[in-house]
Amino acid sequence: MDKPSPTIALTTEDWPLTTDLGATASDWLALLKPRVLTLVVFTGAIGLIIAPVKMNPVLALTAILCITIAAGAAGAINMWYDRDIDALMRRTANRPIPAGRIAPNSALAYGVFLAGFSVILMALATNLAAAAILAISIGFYVFVYTIWLKRRTPQNIVIGGAAGAFPAVIGWAAATGSVNLLPILLFLIAFFWTPPHFWSLSLYASGDYERAGVPMLPVVRGARYTRWNIFGYTLILVASTLLPWALGLMGWIYGLSALGLGSAFIYYALRVLTDKQDATGKSLTKDAPAKAAFKYSILYLFILFGACAVDRLI
Amino acid sequence: MIQGQKWTPEMRAEFNRRRRGRNYLLLAALGGFCILIYAIACVKLHEYGQMW
């Protein structure tokens, strides 16, 4: 008797090879981490606004678009690399890659293409200095933070925070073609803002990080040590925010804003430090002060950088 | 043997809806890109006195 020849059921309208319905448009947008992008767009725009050179609005909008696309591209590559740990954390398990809606290689190709596109467009629309800093910021986020530091050291977000501090510098460089003291100070402010911001989050999300094996400070050194670090970095942050005023680079509107906002941030950090805790430093109030500090930190940076623009425009 | 999967009408409709959404996103991105490049070209030419 002849053996039946192997048959392949070709995919058709009625008989596709898979039950996978494919990703939605919003899945592709979610790869860009849109919530993070709002802060990136804002700080990049502030860098442009406070620069002493007035840019053509079309080129200014293009520069902001490039910063946005670059940050999104870095986020997509980050999601590609972190897909294994994202699947283990409740907060990230439903992202398009761990949820199986977008193939990892597609996400990587998407991120790399957008990264290259944003850098080339920035160079064509503005100048090489801005494009170079943009490329460095993408490389820093992907290679230094995501691949090198994130899974190795509890100082990951301290050093990696530099990646998030670049947009204001890029905005300034797009307008002027160079970098001087003021954008460097804005870089420092965003740099020192990152630890209290992220450690406040990690205090109440440490279970997720522990499950995924990410050495965030509360996981490695405990909650009490983290609270002290939040307080310490908040003091450094507030001191750094006063520098542009003290050096005469910003006026009284910025100075008073930095003072008022900084005092409130210190208050929130103090509340995190003095939260009711057990012997190990874990919160007995469901981390209410840490949640409040995290929310305030976002508002803080928006208003502080907004005050920069107001100060410069008035 | 590679076995195909039978799709219900609901799955087919959902697949079409998602594909349409992706296509519209791509259309918007490409359209935006064309407009942007045109606008940048106009500005650059204007800056160097080669237009208007």
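The values are calculated or read from the model by the stated rules, or taken from the named source; none is laboratory data. Everything numeric in this text was worked out from a predicted model, so none of it was measured. Note that we place each Cβ from the backbone using ideal geometry, even for glycine, and neighbour counts take in every protein chain shown. Side chains included, ligands, DNA and RNA excluded: accessible areas come from the protein's heavy atoms. Shrake-Rupley method; radii C 1.70, N 1.55, O 1.52, S 1.80 Å.
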The lone exception for residue A:110 - which of (1) within 14 Å of another protein chain (Cβ to nearest Cβ); (2) farther than 30 Å from residue A:210 by Cα it fails: (2)
Does the range A:220-251 hold any residues that are within 30 Å of residue A:314 (Cβ to Cβ), small (Gly, Ala, Ser) and open to solvent by less than 30 Å² (accessible area, probe 1.4 Å), and which are they? A:240, A:251
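Condition check ((1) facing another protein chain (nearest Cβ under 7 Å); (2) more than 21 Å from residue A:126 (Cα to Cα); (3) at pLDDT below 85; (4) open to solvent by less than 100 Å² (accessible area, probe 1.4 Å)) across all residues:
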| site | (1), (2), (3), (4) |
| --- | --- |
| B:27 | no, yes, no, no |
| B:32 | no, no, no, yes |
| B:35 | no, no, no, no |
| B:38 | no, no, no, no |
| B:42 | no, no, no, yes |
Tally up the residues in the range A:262-274 that are farther than 14 Å from residue A:229 by Cα and modelled with pLDDT under 95, please. 0
It is to be established whether one or more residues within the range A:71-82 are open to solvent by 40 Å² or more (accessible area, probe 1.4 Å) and either modelled with pLDDT under 95 or not in a loop (DSSP other than H, G, I, E, B) (or both). yes
So, first residue touching a residue at least 60 places away in the same chain (Cβ under 8 Å) in the range A:133-153, second residue assigned to a helix (DSSP H, G or I) and open to solvent by 50 Å² or more (accessible area, probe 1.4 Å), Cβ within less than 7 Å, six or more apart or across chains; the pairs are A:146/A:81; A:147/A:81
Identify the single condition in (1) more than 26 Å from residue A:207 (Cα to Cα); (2) at pLDDT below 95 that residue A:94 does not satisfy, given that it satisfies every other one. (1)
Within the range A:29-43, is there a residue that is within 10 Å of chain B (Cβ to nearest Cβ) and modelled with pLDDT of 90 or more? yes
Single condition residue A:58 does not satisfy, out of (1) in a helix (DSSP H, G or I); (2) in contact (Cβ under 8 Å) with a residue 40 or more places away in the chain: (2)
Among A:219, A:238, A:214, which is part of a helix (DSSP H, G or I), over 17 Å from residue A:299 (Cα atoms) and touching a residue at least 24 places away in the same chain (Cβ under 8 Å)? A:219
Residue pairs qualifying under the 6 Å Cβ cut-off, at least six apart or on distinct chains, with the first in the range A:296-311 being in contact (Cβ under 8 Å) with a residue 40 or more places away in the chain and the second being crowded, with 22+ Cβ neighbours inside 10 Å and outside any helix (DSSP H, G or I), are A:311/A:250
Would you mention how many residues in the range B:11-52 are within 18 Å of the chain's Cα centre (by Cα) and of a type in the set (Gly, Ala, Ser)? 5
Which residue is farthest from residue A:115 (Cα to Cα), if the candidates are limited to the range A:50-67 and must be open to solvent by 30 Å² or more (accessible area, probe 1.4 Å) and under 17 Å from the mean Cα position of the chain (by Cα)? A:64
Examine the range A:114-121 for a residue that is open to solvent by 20 Å² or more (accessible area, probe 1.4 Å), under 23 Å from residue A:305 (Cβ atoms), more than 14 Å from every other protein chain (Cβ to nearest Cβ) and modelled with pLDDT of 90 or more, and state whether such a residue exists. no
